[in-house]
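What follows is a single structure, written as structure tokens, with notes after it.
The values are calculated or read from the model by the stated rules, or taken from the named source; none is laboratory data. Quantities reported herein were computed from a predicted structural model and do not represent experimental measurements. Reconstructed Cβ throughout: ideal geometry from the backbone, glycine too, with neighbour counts over all protein chains shown. SASA here: full protein model, heavy atoms, side chains in, ligands and nucleic acids out. Shrake-Rupley method; radii C 1.70, N 1.55, O 1.52, S 1.80 Å.
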Amino acid sequence: MSSGIVVRKCGALDEFRACVALEREIWGEADLEVEPATTFVVATETGGQVLGAFDGPRLIGYTLALAGLANGGCYLHSHMTGVHRDYRDRGVGRMLKL
């Protein structure tokens, strides 16, 4: 695992915007394919979660999970997880998922 990396809930709009910026950098998707910051807001307000991995103040990874309902039970659907290329293969994605 990466020492000095902290995983915590994201809840502020500026953190969600940082997730979107990182998403663009990681996948290089066209504007219509990028999850907007409002999706991150909706996720956190409806039972989902957004977790960020931080190296100091810098967001270096995130995971976005949406609330789901199936067979009478609730669950978290892992929609996307991304880690900045400089931090890959260091256990950051695993930290976010666990």
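How about the range 34-51: which of its residues are of a type outside the set (A, V, I, L, M, F, W, C) and open to solvent by 40 Å² or more (accessible area, probe 1.4 Å)?
Initial filter on the range 34-51 (of a type outside the set (A, V, I, L, M, F, W, C)): 35-36, 38-39, 44-49.
Listed by number, the residues that qualify are Glu35, Pro36, Thr38, Thr44, Glu45, Thr46, Gly47, Gln49.
Could you pull out the residue among Thr63, Thr46, Thr38 that is among the hydroxyl-bearing types (Ser, Thr, Tyr), touching a helix residue (DSSP H, G or I) at 6+ places or on another chain (Cβ under 9 Å) and more than 14 Å from Met80 (Cα to Cα)?
Exactly one residue qualifies, and that residue is Thr38.
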In the range 81-98, how many are open to solvent by 30 Å² or more (accessible area, probe 1.4 Å), under 16 Å from Ala21 (Cα atoms) and touching a residue at least 40 places away in the same chain (Cβ under 8 Å)?
-> 1
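Rundown of residues vs (1) assigned to a helix (DSSP H, G or I); (2) open to solvent by 50 Å² or more (accessible area, probe 1.4 Å); (3) touching a strand residue (DSSP E or B) at 6+ places or on another chain (Cβ under 7 Å); (4) touching a residue at least 24 places away in the same chain (Cβ under 8 Å), yes/no style:
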residue	(1), (2), (3), (4)
Asp14	yes, yes, no, no
Cys19	yes, no, yes, yes
Leu32	yes, yes, no, no
Ala53	no, no, yes, yes
Gly61	no, no, yes, yes
